[in-house]
Amino acid sequence: MLFRSVQYFRRDFEAALDQIDHTVALNPYFSSAYWALGLIQEYRGELEESTAAFQRAIQLAPESPRMHAGLGRSLALAGKRKQALKILHELRDLAEHRYVSPLELASMNFALGEMDEGYVLMTKAFEDRCLELLSIMVDPRFDYLRKDTRFTELSSRLGLGSPGSNHAAV
């Protein structure tokens, strides 16, 4: 999903939205486009729109834990804690039977304000060699964590450099 990666990580959300619109026009059933749209709208503070985008992604890919985690995170940020916790518990149960990215679970915990559990899950992602961890230094979902010493320690363990080192220069 190159369009999301480059423009989203650069925080060029207008260009990312243009690309998503183009992608959806070509294939309105591409769930990852709606997931990326949800992330962008979340970052822009458009939480109702973000929630709707994640719900559409789930309609198109109901078995995808990533889509459900996106919705849970958006709900948590919108103050809908009970709904977010329900999704988090469902994903934890699912993780007992199939792979669910610990990083996605961590992002939900962070959105819920459960920082310690979020870092436990980030450490699990590290131990599991979760490929998604490679993007934590540029992923806007983790911007507010960059000054936390636990984040700094994890990024150092990953060999990704310091959190303040030009994270938007993708």
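With the simple spin-label model, which puts each label point 7 Å out from Cα in the Cβ direction, the SER64 to ARG129 separation comes to 2.5 nm.
Can you bin the stretch 55-111 into rounded, prolate or oblate? Criterion: square roots of the alpha carbon gyration tensor eigenvalues sorted a ≥ b ≥ c, rounded for a/c under 1.5, prolate for a/b above b/c, oblate for the rest. Oblate.
Rounded to the nearest 20 debye, what is the charge dipole size of the stretch 62-104 about its Cα centre when +1 sits on each Lys and Arg Cβ and -1 on each Asp and Glu Cβ?
Details: 8 positive and 5 negative charges, 54 e Å.
Charge dipole, the stretch 62-104, about its Cα centre: 260 debye, nearest 20.
For the stretch 10-79, just say rounded, prolate or oblate: build the C-alpha gyration tensor, square-root its eigenvalues into a ≥ b ≥ c, call rounded for a/c under 1.5, and beyond that prolate if a/b exceeds b/c, oblate if not. Since a/c reaches 1.5 but b/c is at least a/b, the shape of the stretch 10-79 is classed as oblate. Based on Cα contacts under 8 Å between residues 6+ apart, the stretch 1-91 shows a relative contact order of 19 percent. Put a plus charge on the Cβ of each Lys and Arg, a minus charge on the Cβ of each Asp and Glu, and nothing anywhere else: the dipole of the chain about its Cα centre is then about 160 debye.
Note down the relative contact order for the stretch 70-170 as a percent, whole number, built from C-alpha pairs under 8 angstrom at least six residues apart. Don't skip to the answer; put the middle values down first.
Working: 92 pairs, mean separation 19.4, N = 101.
Taking the mean separation of contacting Cα pairs over the length of the stretch 70-170, I get 19 percent.
Ranked by the mean number of other Cβ atoms within 10 Å of their residues, highest first, the peptides 99-112, 40-53, 82-95 fall in the order 99-112, 40-53, 82-95. When a/c reaches 1.5 or more, the comparison of a/b and b/c decides; with that in mind, is the chain rounded, prolate or oblate per its Cα gyration tensor? Because a/c hits 1.5 or more and a/b fails to exceed b/c, the chain counts as oblate. Only the Cβ atoms of Lys and Arg (+1) and of Asp and Glu (-1) were treated as charged; on that basis the dipole of the stretch 35-85 about its Cα centre amounts to roughly 200 debye. Counting only protein heavy atoms and a probe of 1.4 Å, the accessible surface of the stretch 80-125 is 56% carbon and sulfur. Between ASP116 and ARG146, full extension at 0.36 nm per residue minus the direct alpha carbon distance yields a gain of 9.3 nm.
Accessible surface for the stretch 40-170, divided over its residues, is 51 Å² per residue with a 1.4 Å probe.
As a length-normalised measure over Cα pairs under 8 Å and 6 or more apart, the relative contact order of the chain settles at 17 percent.
The values are calculated or read from the model by the stated rules, or taken from the named source; none is laboratory data. These figures come from a predicted structure and were not determined experimentally. A quick note on method: Cβ atoms are made from the backbone with ideal geometry, for glycine too, and the neighbour counts reach across all protein chains shown. When the accessible area is computed, the model is the full protein with side chains, heavy atoms only, and any ligands, DNA or RNA have been set aside. Shrake-Rupley method; radii C 1.70, N 1.55, O 1.52, S 1.80 Å.
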